[in-house]
1. Among residues belonging to region 1-32 that are of a type in the set (Val, Ile, Thr) and closer than 14 Å to Glu75 by Cβ, point out the one that is farthest from the chain's Cα centre (by Cα).
2. What single numbered condition from (1) in contact with a Pro (Cβ under 6 Å, 6 or more places away or on another chain); (2) over 20 Å from Asn147 (Cβ atoms) fails to hold for Pro108?
3. Testing Thr31 on (1) surrounded by 10 or more Cβ atoms within 10 Å (Cβ to Cβ); (2) under 21 Å from Ile117 (Cβ atoms); (3) hydroxyl-bearing (Ser, Thr, Tyr), one condition comes back false. Which one is that?
4. Just to be sure I understand, how many residues within region 88-99 are in contact (Cβ under 8 Å) with a residue 12 or more places away in the chain and touching a Pro at 6+ places or on another chain (Cβ under 7 Å)?
5. Can you pull out every residue in region 142-157 that is out of contact with any Lys or Arg (no Cβ under 8 Å at 6 or more places or on another chain) and modelled with pLDDT under 95?
6. Scan region 100-157 residue by residue and report those that are small (Gly, Ala, Ser) and free of Cβ contacts under 8 Å to residues at least 12 places away in the same chain.
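The values are calculated or read from the model by the stated rules, or taken from the named source; none is laboratory data. The model shown is predicted, which means the values in this text are computed figures rather than measured ones. Here the Cβ positions follow ideal geometry from the backbone for every residue, glycine too, while neighbour counts run over all protein chains shown.
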Amino acid sequence: MSQAIIPEGLDPRKVITGKDGLLLVGVGDNTPIPLANCNTFKITPSFNNTDLQPVGSILSYGIPTGVTVALSMTEIVIRDDLMIQPLLDALLAGQIPWYDFQGKYTRPYDGQEERVIANYCIPDGDIDLMSLSPGDIVTREWKFRCNSIPKYQSLFS
C-alpha cells in the first residue's frame with residue numbers, strides 16, 4: 001500500500017475553513033464586537049490603472065492611479081442594534097454613519113490568528129432594509145466603501 005504524499009510546505013492541519021473566521025463591527029467610535037450573525041464577508045481591493053501607449057510601441061502599459069477597497073457581507077437578520085439601527089438613526093439625523101470592521105481567521109491547529117482591520121467604512125450602493133422569500137432564512141446584504149487602507153493586526157507564521 002502506498003503512502004499519501006503531501007506536497008512540501010502544505011500541512012493539512014493548518015488549512016482554514018469558513019467556520020474558522022469571524023467579522024467584528026463597530027459603528028462610529030464604538031469598539032468592534034463580534035458579528036455572530038454574519039453569514040459571509042469579504043474585503044476586496046480594486047486597483048485602478050490608466051493606459052499609456054508610447055508612440056511607436058505596440059504595447060500599452062498599465063499605470064497605477066489608485067485603489068478602492070470594498071467590504072461586502074451578508075447578515076442573518078437576528079438583531080437590529082448592531083448594524084441597521086445605527087444606519088437608520090443616522091439617516092434620520094441627516095448623516096451617514098461610518099463602520100469599523102475587523103475580519104479574522106483563527107487556525108484551529110495552533111490558535112494562530114490572522115486579523116485585518118478596515119476602518120472608516122461607509123455604506124455603498126444598495127442595502128437590503130427588508131427582503132423576504134418564503135422558506136428562506138432572512139438575510140441582509142451590505143456593501144461598504146472603506147476609506148482607509150486595510151491593515152494587518154496579526155499574521156500567520
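1. Top of the filtered list is Val27.
2. All conditions pass for Pro108, except number (1).
3. Evaluating Thr31 over (1) surrounded by 10 or more Cβ atoms within 10 Å (Cβ to Cβ); (2) under 21 Å from Ile117 (Cβ atoms); (3) hydroxyl-bearing (Ser, Thr, Tyr) leaves (1) as the failure.
4. 2
5. Leu155, Ser157 - these are the residues of region 142-157 that are out of contact with any Lys or Arg (no Cβ under 8 Å at 6 or more places or on another chain) and modelled with pLDDT under 95.
6. Result: Gly111, Ser131, Ser133, Gly135.
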